[in-house]
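Report on one structure; see the data block that follows.
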Amino acid sequence: MHHSYWAPLFTAALLVSTAASAYEETGVAHGGTIRGRVTFLGRPPNPRATLVTKDVTACGKTHIDDAFQVSKEGGVQDVVVYLLDVRSGKKWTDTVQPTLDQKGCHYLPHVQVVRDHATLQVKSSDPVLHNVHAFLNGSTVINMPVPPATSLVLRQKLDKPGGMQLKCDVHAFMRGGIFVAASPYYALTRADGTYEILEVPPGSYTIVTWHEVGGPINEPIEVPAGGTVTWNARVR
Ligand SMILES: [Cu+2]
């Protein structure tokens with residue numbers, strides 16, 4: 001019988017696709033909102049200046065450390081606030097072709113969130129060699145030299161969810177971050193540290209922060225149907 005021969009194969013394929021469990025856009029009824037503000041815990045550090053000894057024409061003579069962007073009122077910019085393990089809900093609204101540029105020996109944007117399985121376009125606006133060295137939990141996941149050719153666009157598929165720290169091996173002071181999101185339930189804090197996550201299916205979640213050097217924070221949160229919940233965090 002053909003059926004009994006093929007059935008185990010189909011079952012195996014089904015198990016594999018279930019285990020991968022990609023995010024599903026199902027729509028949301030009576031979604032809730034999470035909003036709040038991330039502030040610096042304690043006294044914000046004075047931005048460190050590094051003396052540049054190489055490629056000064058492109059990089060400038062000093063490089064101001066841009067890991068922590070803290071506003072006068074203590075708000076921290078570029079913190080990713082996200083919900084853990086959300087399998088279905090609202091539609092993705094992120095850009096399909098995220099870009100990482102290298103300009104004046106800075107990664108631009110300094111921190112960005114991209115959707116899982118997106119293809120990152122890597123380019124350089126500088127006349128010097130750069131390198132995109134990305135670490136996820138301390139391990140190298142990308143190590144890509146970027147030659148000084150402004151028309152060149154390199155492509156890198158991103159398929160490991162989580163926050164990656166970026167570092168240029170040519171200019172050790174060049175740092176940045178890319179967060180690969182497994183669901184669209186994330187926000188990147190604004191200059192004043194505020195953020196909001198919309199259209200959350202009502203229920204219990206774990207809310208998490210990721211910052212290129214600070215945190216992380218991890219807490220339970222309850223999102224009411226059609227309502228708003230405030231969640232503030234302090235990072236350092
Ligand atoms: Cu560089």
Under 5 Å between amide H atoms, partner at least 5 residues away or on a different chain: which partners does Val170 have, H built in plane at 1.01 Å? Asn131
Of the listed pairs Lys90/Lys157; Lys90/Lys160; Lys54/Lys157; Lys54/Lys160, which have alpha-carbon separations greater than 28 Å here? Lys54/Lys157; Lys54/Lys160
Note on the chain: contact order normalised by length, alpha-carbon pairs under 8 Å, 6 or more apart, percent, works out to 29
Given H placed 1.01 Å from N in the peptide plane, which residues other than close sequence neighbours of Ile142 have an amide H under 5 Å from its amide H? Ala134
Once phi is turned into θ = phi - 60°, what whole-Hz ³J(HN,Hα) does the Karplus curve with 6.51, -1.76 and 1.60 give for every residue of region 71-86, x standing for Gly and Pro? 6, 4, 8, x, x, 9, 8, 6, 9, 8, 10, 8, 9, 7, 6, 8
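I want the antiparallel fraction of DSSP beta bridges within region 85-176, as a percent rounded to 5. Kindly include the intermediate steps, with their values, before the conclusion.
Values: 20 of 22 bridges.
Roughly 90 percent of the DSSP beta bridges within region 85-176 come out antiparallel.
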If I fit a long axis through the Cα atoms of helix 2-20 and take the longest principal axis of the Cα atoms of the chain, what angle between them do I get, 0 to 90°, rounded to 10? 40
Hey, what do the phi angles of region 133-141 turn into as Karplus ³J(HN,Hα) couplings, whole Hz, using 6.51/-1.76/1.60 and θ = phi - 60°, x for Gly and Pro? 10, 10, 10, 10, 6, x, 9, 5, 10
Of Lys123, Lys54, Lys90, the most mobile residue in a GNM of the chain (C-alpha springs, cutoff 10 Å) is Lys54
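Compute the signed sum of charges (Lys and Arg +1, Asp and Glu -1) over the other residues within less than 14 Å, Cβ to Cβ, of Tyr107.
Values: positive: Lys103, Lys123, Lys167, Arg175; negative: Asp65, Asp66, Asp78, Asp101, Asp126, Asp169, Glu212.
Result for the local shell: -3.
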The set of residues whose placed amide H lies less than 5 Å from the amide H of Thr194, leaving out same-chain residues fewer than 5 positions away, is Val38
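Over region 52-190, what is the relative contact order in whole percent, taking alpha-carbon pairs under 8 Å and six or more residues apart?
Value for region 52-190: 29 percent.
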Check: C-alpha center region 83-134 vs C-alpha center region 197-224, spacing in Å is 21
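Determine the sum of side-chain charges near Ile142: Lys and Arg each +1, Asp and Glu each -1, restricted to other residues whose C-beta is under 14 angstrom from that of Ile142. Display every interim value, and only then the final one.
Details: positive: Arg155, Lys157, Lys160, Lys167; negative: Asp159, Asp169.
So the surrounding residues net to +2.
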As a Kirkwood estimate from alpha-carbon pairs, region 24-235 has a hydrodynamic radius in angstrom of 18.2
Helical mean residue ellipticity (222 nm; -39500 (n - 2.57) per DSSP H run of 4+; nearest 500) of the chain: -3000 deg cm²/dmol
Evaluate the relative contact order of region 115-236 (contact order divided by residue number), counting alpha-carbon pairs under 8 angstrom at least 6 apart; express in whole percent. 19
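No lab work stands behind these numbers, since they all come straight from the coordinates. Here the structure is a predicted model, which is why all the values come from computation and not from measurement. Don't worry about glycine lacking a Cβ; one is built from the backbone with ideal geometry, like all the others, and counts go over all protein chains shown.
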